[in-house]
Protein chains: 2
Amino acid sequence: MTNRPAESAAAAEAPEAEAGPRWLTETEQDTWRAYMHAYTLLEDHLDRQLQRDAGMPHIYYGLLVQLSEAPRRRMRMTELAQHAKITRSRLSHAIARLERNGWVRREECPSDKRGQLAVLTEEGFAMLGRSAPGHVAAVRAAVFDRLTPEQAAQFGEACRIIASGLQPAGADVPWLR
Amino acid sequence: MTNRPAESAAAAEAPEAEAGPRWLTETEQDTWRAYMHAYTLLEDHLDRQLQRDAGMPHIYYGLLVQLSEAPRRRMRMTELAQHAKITRSRLSHAIARLERNGWVRREECPSDKRGQLAVLTEEGFAMLGRSAPGHVAAVRAAVFDRLTPEQAAQFGEACRIIASGLQPAGADVPWLR
DNA sequence: TCATCTTTATTGAAACTTCAAGAATAGCCT
DNA sequence: AGGCTATTCTTGAAGTTTCAATAAAGATGA
């Protein structure tokens with residue numbers, strides 16, 4: 001995926017000043033592939049599990065959980081988008097759908113007339129209560145039951161490092177679009 | 001995400017035989033969140049990088065790379081789907097799009113009249129050559145430049161373990177759908 | 001051989017995401 | 001106040017993915 005597109009071997013010795021692209025080592029390639037396989041399979045697995053048991057994709061479920069943990073079970077759109085690391089556009093569409101399902105309701109923000117609050121409804125909350133056990137079980141079976149506590153901790157640390165490098169808050173930030 | 005939907009505290013002491021759902025510990029929750037943040041941000045980042053520089057999403061790029069590494073730069077649809085861990089349906093649509101772009105061409109399979117071969121075209125190959133350096137740089141900057149070799153290796157190992165648990169090849173296998 | 005079951009791949013529709021554009025309000029500066 | 005810029009959120013269209021259904025050919029077995 002990230003190695004040279006086969007063959008284009010070339011450069012390898014030349015101590016070029018202009019330094020050609022630093023391809024990944026064999027080990028790095030293996031790691032990268034493993035990562036892509038893991039997240040592709042995992043997302044697929046959880047999406048199916050939740051689609052079946054809760055009638056919505058993994059991300060939507062995550063949005064409801066976020067709301068359930070927020071004070072008064074409500075959150076500003078932008079804030080919710082930031083927490084979930086998605087764009088506001090995507091969130092708008094998502095909330096619209098969840099609203100049609102009756103899990104979420106929109107409310108105007110008292111302090112800022114531009115703002116909207118996404119509010120978890122009672123039905124939404126009840127629904128979470130019903131589907132959470134199954135979801136936790138799925139995550140546990142796929143991840144935490146298979147890694148030692150040390151492995152899990154290291155894995156988490158690596159993920160934190162990677163994530164921290166990706167929201168420079170500068171440049172053009174996705175969730176602001 | 002995977003903890004109880006806030007509040008539904010309850011059970012914690014009772015040595016129930018029926019064992020209620022085993023919620024995630026604080027540490028596990030942190031790990032799980034970090035993972036979701038990492039992959040969401042990473043996929044987003046790479047998708048944008050490739051969309052901008054190569055005119056296609058990350059997965060499509062991966063398909064071309066797979067083809068570039070295959071003998072004679074061609075592969076059976078099902079085989080390609082398996083390697084990429086995606087469904088055949090998704091692959092069909094993807095290849096159709098890449099074909100419109102001229103990066104891939106379909107050929108009939110000589111040994112099995114049901115089969116199709118996805119073949120990387122010269123333009124497709126040339127294009128890979130052009131965009132690979134930028135992509136590698138992006139992956140390196142986001143991942144391998146930020147982790148120590150040990151961390152990267154451990155991360156890879158964890159991913160391998162997770163991935164290996166998710167394709168039991170049994171039950172109903174996604175890429176066969 | 002015929003019937004049947006399996007495998008391969010595609011298709012269209014519905015659901016979801018991205019992208020660019022736009023409406024409304026807030027904030028700032030003179 | 002007035003004018004300008006920035007922020008918040010939504011929208012529609014285009015692109016992508018999922019899901020269920022289907023066509024075509026291989027494989028199996030009486």
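Summing charges over all other residues whose Cβ lies under 13 Å from the Cβ of residue A:104, with Lys and Arg as +1 and Asp and Glu as -1, gives +2. Accessible surface buried by the B/A pair amounts to about 7100 Å², both sides summed, 1.4 Å probe. Using the Cβ-Cβ distance between residue A:146 and residue A:108 with R0 = 51 Å, the FRET efficiency computed as 1/(1 + (r/R0)^6) comes to roughly 0.65. Per-residue accessible area (protein heavy atoms, 1.4 Å probe) orders A:107, A:157, A:122 as A:122, A:157, A:107, starting from the largest.
Let me make sure I get this right: for the range A:27-162, a, b and c are the square roots of the gyration tensor eigenvalues over alpha carbons, sorted descending. Under 1.5 in a/c it's rounded, otherwise prolate if a/b > b/c, else oblate. Which is it? Because a/c hits 1.5 or more and a/b exceeds b/c, the range A:27-162 counts as prolate. Label separation (residue A:90 vs residue B:100): 2.3 nm, computed from points 7 Å beyond Cα along the C-beta direction.
A Cβ-based charge dipole, computed about the Cα centre of the range B:32-162 with Lys and Arg at +1 and Asp and Glu at -1, lands at about 380 debye. What FRET efficiency comes out for the pair residue A:123/residue B:79, r = Cβ-Cβ distance, R0 = 56 Å, nearest 0.05? Efficiency computed from Cβ-Cβ geometry: 0.80. In nanometres and ascending order, the distances from the residue A:106 label point to those of the other copies are 4.1 (point 7 Å from Cα along Cα→Cβ). With its label point put 7 Å out from Cα toward Cβ, residue B:20 sits 6.1 nm from the same residue's point in the other copies, in order from shortest. Residues of the range A:110-154 with an amide N closer than 17 Å to a point placed 7 Å from the Cα of residue A:52 along the Cα-to-Cβ direction: A:131-143.
The values are calculated or read from the model by the stated rules, or taken from the named source; none is laboratory data. Since the structure is predicted, the reported quantities are computational estimates derived from the model, not experimental observations. FYI the Cβ positions are ideal-geometry reconstructions off the backbone, even for glycines, and counts take in every protein chain you see. In case anyone asks, the SASA skips ligands and DNA or RNA and just uses the protein heavy atoms, side chains included. Shrake-Rupley method; radii C 1.70, N 1.55, O 1.52, S 1.80 Å.
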